[in-house]
Amino acid sequence: MSSQPAPVGIVVVSHSRCLADAAVALATEMVRGRDARIAVAAGLDAQTLGTDAVQIQQAIEQVDGPAGVVVLMDLGSAVLSAELAIDLLGDPTARDRVVLCPGPLVEGLVVAVVAASGGADRHEVAAEAASALMGKQSHLVPAGAGAGAGAGAAEPTEDEPAEVVGVFTVANAHGLHARPAARLVGEVRTLDAQVRLRNRTTGAGPVAASSLTKVATLGAQQGHQVEVSASGTQARRALEHVLALAARRFDEVDPPAPTAPDAAGVGGGRPAPACAQPASPGIAIGPVLAVRAAPPLVPDEAPATAAVEWRRLGEAVAAPRREVQRLRAAAVREVGETEAAIFDAHLMLLDDPDLLAEVRRGVDAGQGAPAAWDRAVVAVERDLAALSDPYLRARAADVRAVGDQVLRAMTGQPADAVQGEGILVARDLTPATAAGLRRDRIRGIVLALGSPTSHAAILARSRGIPTVVGAGPDALAIPAGTTLVVDGGTGEIVVDPAPAVLADYRERARRQERQAAEQLAAATRPARTRDDVDVLVSANLGSVADARAAQASGADAAGLVRTEFLFFNRDRAPDVDEQEAEYRAIAEAMGGRRITIRTLDAGGDKPVPYLRMPAEANPFLGVRGIRLTLKHPALLHDQLVAICRVARETPVSVLFPMVSGPRELLAARTALAAAAADAGGMPAGLEVGIMVEVPAAALKIESLLPHVDFLSVGTNDLTQYALAADRGNAAVGTLLDPLDPGVLALVDLVCCAARDRVPVAVCGEVAADETAIPLLLGLGVADLSVSPYAVPAIKSRVREFDLGACQLLARAALGLADADEVRAAITRWAGRCGLPGYSL
């Protein structure tokens, strides 16, 4: 019996994920029990309106087949994104099988699904969808009003003129700059109307209101009158929306009044940014640095065909869009929707129809994609630079920044770099950028966003760079070259300190340096408690340089080798030989000590672009860690082969991240067995462990213990999941305390189950918190894995404790109410034991 051929695939493209999902649910109800091949490409994520050509391309590829694909779009830039998606398809025959349908989204989808499930071909499906409004029109539109004119909209009536016009006065203090302009453009793009704007005061325009680059060139300042004209099906609604937005000043909130220069600040200097949190201890003093980079170069190369060059551009635009979306989501969580709105302007520049149309003209005329893109960006930048208002004129820099991002992605040129020596001040740092910072040049770091457990903060600690995070947007306004003092142990920031204040901080820094030198001199000795119990103090590593630092700092082992450094800042995964060479170099730098290599822990705030990870509403609860690598078996196989090769020559442990249950662990062990077979057999000394960072893993640890040789508690993620507080969100940073009794109870559960069976390590940041060490030892932790530069201090602190006393402290702490009570109890306990340096 021959099977029925697969029906036509249908792709739903919408600015709204909710709208698309609801439309699909309605349409599939009409064909219950029959095959319907539908894919959705809607929204930039579950909450953010927008369309993404790469997402549409992936949706087309998902439902493509011999019968082809029909794409239904809602409006505005969805059409442009769909056209770009077709150009991105690698298979030329696939492009010929795709039909873009002008039919209405909801009614068109319903009839398209019915037609496709009934066996209609793609052209018939598209025709049915395009005529989906005819039944409604024949019922609602009076005879003679043009209802039967093909599949188009009804002719305008006296109540619905061909064009509607209105005027508003710009009330925003800085005119139609990036935020209000982006709000305006975003609203217009969601409506089925052609809206144009003209600056009545200056005569500039008219320009398309759907293009951020064109709206910016109006030079509309506060008090200027702007004329709005709209035509199309939703013309009147579009006009009303724009006028209402203008009346609300495009939802822009007035900036806070500037602080007087002589206001009281921290330590006698100028006022420091508020809400800063300590993230990496130490005192740093120096001039403010900003992230800078040399302008990317347009390569002198012969262009390929227009289709190839256009696809090249589309792929290059996708990576910056994902990065801007990530930054926007972080900014919403940490500083609010108002401050995050600046990223909307950047997103709209990447999807600007006029800008992309100009690039397309250049590509069609025979230019390469980099040259056509740069030429179009320069033209927009020139138009903005010619404006009279200095605030609007400065927006040319925003266009150049976005243009450079795309050009770098297209040509593979290095991203932003830090130039000079001093205190780096930035909005945020990606893990890849943070991993590249040089300790000899970056004395300290101040981040406007982030939390002490963000990956940027962790990497700063691993390099011993004093860091303060969550300093807020005011930090970004500190002029370059200004003298700054940063205390990464207290969170203090002093801007342009007075001489006496500066002298005090320098003396404090000297005392810290003397103490560190004494601890380093004793670092090669074991970390042995007063009652003669040896505790391993290992190092968390992210590079060969980290391994050298760990060896010099007296680390007993490499408790965690973060392999992400090998996978970032490139367009494909490293092969087996490259990984083997890096892991072997780390092992050699550690001088034969055991190294624990964690398999790729990507996802969440650590995206890997070439894996084409789809946007997730909450990536920290999505496909990350072992979940991601099990979905990419070839990538996991290569990494495990490299690990097995090195493990045949030196002591190695393999660590699987984000394991939530036995099924994932057994799948990972199966993958390890297959890799070992390809590497010459399972190495005799290879140990297998898991990160305990999901509360479910801690709660069912008994089911996991038979399959592991050791456990490593990742307290950073364990804390955020147990306390339902995003570790990247400064607004809930005070909740993210691993000494919360709820988190301690999970660690206690793991240690009690593992006692006398397998050792338990802690590789989260709490292992380097000197206040927490007696608690961890008392709970049964046998290995503290910390940044290389923290090893001497942690060893010194361990030698002060009696393990029996630590166990009594831990039992008492488990019964307390919150982390504050736990820390107070530790202070009292330390006082009774005569231990120095413990205070809240």
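The values are calculated or read from the model by the stated rules, or taken from the named source; none is laboratory data. Values in this document were obtained by computation on a predicted structure and should not be read as measured data. Please note: Cβ atoms are built from the backbone with ideal geometry, for glycine as well, and neighbour counts cover all protein chains shown. Heavy atoms of the whole protein, side chains included, go into the accessibility calculation; ligands, DNA and RNA do not. Shrake-Rupley method; radii C 1.70, N 1.55, O 1.52, S 1.80 Å.
See the values below:
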| quantity | calculated |
| --- | --- |
| Residue within segment 726-735 that is open to solvent by 30 Å² or more (accessible area, probe 1.4 Å), closer than 28 Å to Ser280 by Cα and touching a strand residue (DSSP E or B) at 6+ places or on another chain (Cβ under 9 Å) present | yes |
| Residue within segment 600-607 that is closer than 23 Å to Gly681 by Cβ and at pLDDT 90 or above present | no |
| Segment 773-784, residues that are in a strand (DSSP E or B) and over 17 Å from Leu739 (Cα atoms) | Asp783 |
| Failed condition for Ala573, given (1) closer than 19 Å to Ala676 by Cβ; (2) surrounded by fewer than 20 Cβ atoms within 10 Å (Cβ to Cβ); (3) under 30 Å from the mean Cα position of the chain (by Cα) | (1) |
| Residue that is surrounded by the most Cβ atoms within 10 Å (Cβ to Cβ), among those in segment 796-833 that are assigned to a helix (DSSP H, G or I) and touching a strand residue (DSSP E or B) at 6+ places or on another chain (Cβ under 9 Å) | Val798 |
| Looking only at segment 716-725, and only at residues there that are aliphatic (A, V, I, L, M) and open to solvent by less than 10 Å² (accessible area, probe 1.4 Å), the one that is modelled with the lowest pLDDT | Ala725 |
| Filter result for Val125 (more than 18 Å from Gly232 (Cβ to Cβ), crowded, with 21+ Cβ neighbours inside 10 Å and not hydroxyl-bearing (Ser, Thr, Tyr)) | yes |
| Output for segment 77-86, where each listed residue is buried (at least 21 other Cβ atoms within 10 Å of the Cβ) and in contact with a helix residue (DSSP H, G or I) (Cβ under 8 Å, 6 or more places away or on another chain) | Ser77, Ser81, Ala82, Leu84, Ala85, Ile86 |
| Search result, residues across segment 673-715 that are open to solvent by 20 Å² or more (accessible area, probe 1.4 Å), among the charged types (D, E, K, R) and closer than 15 Å to Leu655 by Cα | Glu687, Asp709 |
| Residues of segment 649-672 that turn out to be open to solvent by less than 10 Å² (accessible area, probe 1.4 Å) and of a type in the set (Ser, Thr, Tyr), as a count | 1 |
| Asp532 vs. criteria over 26 Å from the mean Cα position of the chain (by Cα) and either of a type outside the set (Gly, Ala, Ser) or assigned by TED's automatic domain parsing to the domain that holds Glu687 (or both) | yes |
| Hey, Ala115 more than 38 Å from the chain's Cα centre (by Cα), in a helix (DSSP H, G or I), surrounded by 21 or more Cβ atoms within 10 Å (Cβ to Cβ) and modelled with pLDDT under 80 or not | yes |
| Odd one out for Ile586 among (1) within 18 Å of His632 (Cβ to Cβ); (2) without any contact (Cβ under 8 Å) to a residue 60 or more places away in the chain | (1) |
| Complete set of residues in segment 481-503 that are part of a helix (DSSP H, G or I) and crowded, with 16+ Cβ neighbours inside 10 Å | Val501, Leu502 |
| Total residues in segment 759-780, condition open to solvent by less than 20 Å² (accessible area, probe 1.4 Å) and either hydroxyl-bearing (Ser, Thr, Tyr) or over 32 Å from the mean Cα position of the chain (by Cα) (or both) | 5 |
| Helices (runs of 4 or more DSSP H) wholly inside segment 250-368 that include at least 1 residues being at pLDDT below 60 | 306-335, 337-340, 342-350 |
| Segment 783-797 residues that are assigned by TED's automatic domain parsing to the domain that holds Glu770, paired with ones that are open to solvent by 20 Å² or more (accessible area, probe 1.4 Å) and among the charged types (D, E, K, R) (beta carbon under 6 Å, 6 or more apart) | Ser787/Arg461; Arg797/Glu770 |
| Unmet criterion (only one of (1) within 30 Å of Val623 (Cα to Cα); (2) open to solvent by 10 Å² or more (accessible area, probe 1.4 Å); (3) part of a loop (DSSP other than H, G, I, E, B)) for Asp556 | (1) |
| Condition check for Leu449: part of a loop (DSSP other than H, G, I, E, B), surrounded by 20 or more Cβ atoms within 10 Å (Cβ to Cβ) and touching a helix residue (DSSP H, G or I) at 6+ places or on another chain (Cβ under 6 Å) | yes |
| Conditions (1) over 20 Å from Leu655 (Cα atoms); (2) in the same structural domain as Cys806 (by TED's automatic domain parsing); (3) touching a helix residue (DSSP H, G or I) at 6+ places or on another chain (Cβ under 8 Å); number of the one not met by Asp575 | (1) |
| Segment 72-91, residues that are in contact (Cβ under 8 Å) with a residue 24 or more places away in the chain and within 19 Å of Ala306 (Cβ to Cβ) | Leu80, Ser81, Ala82, Leu84, Ala85, Ile86, Asp87, Leu88, Leu89, Gly90 |
| Residue tally, condition without any contact (Cβ under 8 Å) to a residue 12 or more places away in the chain and not charged (D, E, K, R), over segment 358-375 | 1 |
| Of residues in segment 750-768 being assigned to a loop (DSSP other than H, G, I, E, B) and closer than 28 Å to Arg463 by Cβ, the one modelled with the lowest pLDDT | Gly764 |
| Residue under evaluation Arg511, criteria (1) assigned by TED's automatic domain parsing to the domain that holds Ile445; (2) in contact (Cβ under 8 Å) with a residue 12 or more places away in the chain, criterion not met | (2) |
